[in-house]
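The values are calculated or read from the model by the stated rules, or taken from the named source; none is laboratory data. As the structure is a prediction and not an experimental result, all values here were calculated from the model. Counting neighbours? That spans all protein chains shown, and the Cβs are built from the backbone with ideal geometry, glycine included.
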Amino acid sequence: MDQELWMKSIEFHGHECPGLAIGFRACQIAKEALEIETLEEADIACISETEKCPVDAVRFLFGCTEERNLTIKRNGVPAFSFMNHENGMGIRVMFKGIKEELDREEMKRKILQDPWEEFFWLMDLI
Ligand SMILES: [Zn+2]
């Protein structure tokens, strides 16, 4: 993972937490799935189903803002739909949760580094 980008995301968010890790990883998954080359140049719209910590990663990494290309539906699900306006691809990324008993530090590490298929669920948007 990109440690420098993670540190900058923490700076943007104001603290380090598992929630931010969820959003950070969701953005990484979306970047790959939607064939985005560079985050800075991406033309992405996002619908976030949570207003909590994870959405700050979407704000920071994709530059999404509520004035422009970020919609927040407060239904408390850690799920994000990303649309890539450049190629018309779309995906919904949902965090399923982790069944193991882990402390915050371990949880964060796992979310950022372990194979995501274990705890994220992906669905193509048509
Ligand atoms: Zn947080």
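Any idea how many residues of the stretch 29-65 are more than 11 Å from the ligand (Cβ to nearest atom) and either crowded, with 20+ Cβ neighbours inside 10 Å or in a loop (DSSP other than H, G, I, E, B) (or both)?
Taking the stretch 29-65 first, the residues more than 11 Å from the ligand (Cβ to nearest atom) are 29-51, 58-65.
Adding the requirement that they be either crowded, with 20+ Cβ neighbours inside 10 Å or in a loop (DSSP other than H, G, I, E, B) (or both) leaves 30, 34-44, 46, 48-51, 58, 60-65.
Selection size over the stretch 29-65: 24.
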Taking the stretch 1-28 as the search range and keeping residues that are more than 15 Å from Phe120 (Cα to Cα), touching a residue at least 12 places away in the same chain (Cβ under 8 Å) and more than 14 Å from the ligand (Cβ to nearest atom), which one is surrounded by the fewest Cβ atoms within 10 Å (Cβ to Cβ)? Met1
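Could you please let me know if Ala79 is away from the ligand (no atom under 14 Å from the Cβ), surrounded by 16 or more Cβ atoms within 10 Å (Cβ to Cβ) and more than 13 Å from the chain's Cα centre (by Cα)?
Working: away from the ligand (no atom under 14 Å from the Cβ): yes; surrounded by 16 or more Cβ atoms within 10 Å (Cβ to Cβ): yes; more than 13 Å from the chain's Cα centre (by Cα): no.
Spelling it out, it is not the case that Ala79 is away from the ligand (no atom under 14 Å from the Cβ), surrounded by 16 or more Cβ atoms within 10 Å (Cβ to Cβ) and more than 13 Å from the chain's Cα centre (by Cα).
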Determine whether Lys96 is of a type in the set (D, E, K, R), away from the ligand (no atom under 16 Å from the Cβ) and more than 15 Å from Trp116 (Cα to Cα). no
If Asn84 satisfies all but one of (1) of a type in the set (S, T, N, Q); (2) at pLDDT 95 or above; (3) within 16 Å of Phe24 (Cα to Cα), what's the number of the condition it fails? (3)
